[in-house]
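> Input: one structure, supplied below.
The values are calculated or read from the model by the stated rules, or taken from the named source; none is laboratory data. Every value quoted in this text rests on a predicted model; they were computed, and no experiment measured them. FYI the Cβ positions are ideal-geometry reconstructions off the backbone, even for glycines, and counts take in every protein chain you see. SASA here: full protein model, heavy atoms, side chains in, ligands and nucleic acids out. Shrake-Rupley method; radii C 1.70, N 1.55, O 1.52, S 1.80 Å.
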Amino acid sequence: MNESGRAICVYCASSRQCDAEYHLAARRLGGTLAGSGFTIVYGGGGHGSMGALADGALARGGRVVGVLPRFMRELEWGHARLSELELVDDMRERKRRMLERSQAVVALPGGCGTLDELFEALTLKRLGLYLHPIVLVNTRRFFDPLVELLAAAVSERFMDERHHAMWQVVSEPEQVPAAIASAPGWTSEAQGFAVP
């Protein structure tokens, strides 16, 4: 499989003050994806879970592609040792390029930026415009409230029952490759039930 078919977009946080378990999980995910032959496409940061993810992959000899807005480079927020760094004009272009360059999304716990990225991917999948797996790594049960909220959106008929298949949840980073491989298929036919 070529690189584009083996590239995983990872959303994660730059916070250095969150619990260290989140950074450890990010590093483990980086090592796991690299060990499974995946290229990682992520936001290009050098701090927090972002830096730990990249470091974990690079330590295993993996390929890590950062997509970084130019203003973040000027602020010296980028990782210094990436395999490739793509500079973009703004946050919107960053999100678009990360999805375009990958064949699956993995979300680690994070703040509003991470959640913004995740919800954009979910929205595009609901509309049949993004057709690839989306996996949440539920470290410290961080995503439990989000999964409950999405279930409520379905039960209250803001979303269709079939939308439950848009995401998978795993508890450990090492479970991600299997979750990607076993994710339910998704096609542009999802447009037919995008609106319940």
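> Output the number of residues of the range 125-145 satisfying the condition of being surrounded by 19 or more Cβ atoms within 10 Å (Cβ to Cβ) and not in a loop (DSSP other than H, G, I, E, B).
7
> Considering the range 83-116 alone, what residues qualify as being under 18 Å from the mean Cα position of the chain (by Cα), open to solvent by 30 Å² or more (accessible area, probe 1.4 Å) and among the hydrophobic types (A, V, I, L, M, F, W, C)?
Answer for the range 83-116, where residues must be under 18 Å from the mean Cα position of the chain (by Cα), open to solvent by 30 Å² or more (accessible area, probe 1.4 Å) and among the hydrophobic types (A, V, I, L, M, F, W, C): Leu85, Met91, Cys112, Leu115.
> Could you list, ordered by first residue, the pairs with Cβ atoms under 6 Å in which the first is in the range 14-36 and within 15 Å of Val105 (Cα to Cα) and the second is hydroxyl-bearing (Ser, Thr, Tyr) and assigned to a helix (DSSP H, G or I), at least 6 apart or interchain?
Partner pairs satisfying both residue conditions: Ala26/Ser49.
> Please enumerate the residues belonging to the range 167-196 that are within 16 Å of Leu127 (Cα to Cα), among the hydrophobic types (A, V, I, L, M, F, W, C) and out of contact with any strand residue (DSSP E or B) (no Cβ under 8 Å at 6 or more places or on another chain).
Answer for the range 167-196, where residues must be within 16 Å of Leu127 (Cα to Cα), among the hydrophobic types (A, V, I, L, M, F, W, C) and out of contact with any strand residue (DSSP E or B) (no Cβ under 8 Å at 6 or more places or on another chain): Trp186, Ala190, Phe193, Ala194, Val195.
> When both residues are 6+ apart or on different chains and their Cβ atoms are under 7 Å apart, which pairs have a first residue that lies in the range 110-130 and is hydrophobic (A, V, I, L, M, F, W, C), and a second that is not in a loop (DSSP other than H, G, I, E, B)?
Leu118/Tyr11; Leu118/Ala107; Ala121/Leu99; Ala121/Val105; Ala121/Ile134; Leu122/Ile134; Leu122/Met166; Leu127/Gln191
> What is the number of the single condition among (1) crowded, with 20+ Cβ neighbours inside 10 Å; (2) out of contact with any His (no Cβ under 8 Å at 6 or more places or on another chain); (3) among the aliphatic types (A, V, I, L, M) that Ala80 does not meet?
Unmet for Ala80, out of (1) crowded, with 20+ Cβ neighbours inside 10 Å; (2) out of contact with any His (no Cβ under 8 Å at 6 or more places or on another chain); (3) among the aliphatic types (A, V, I, L, M): (1).
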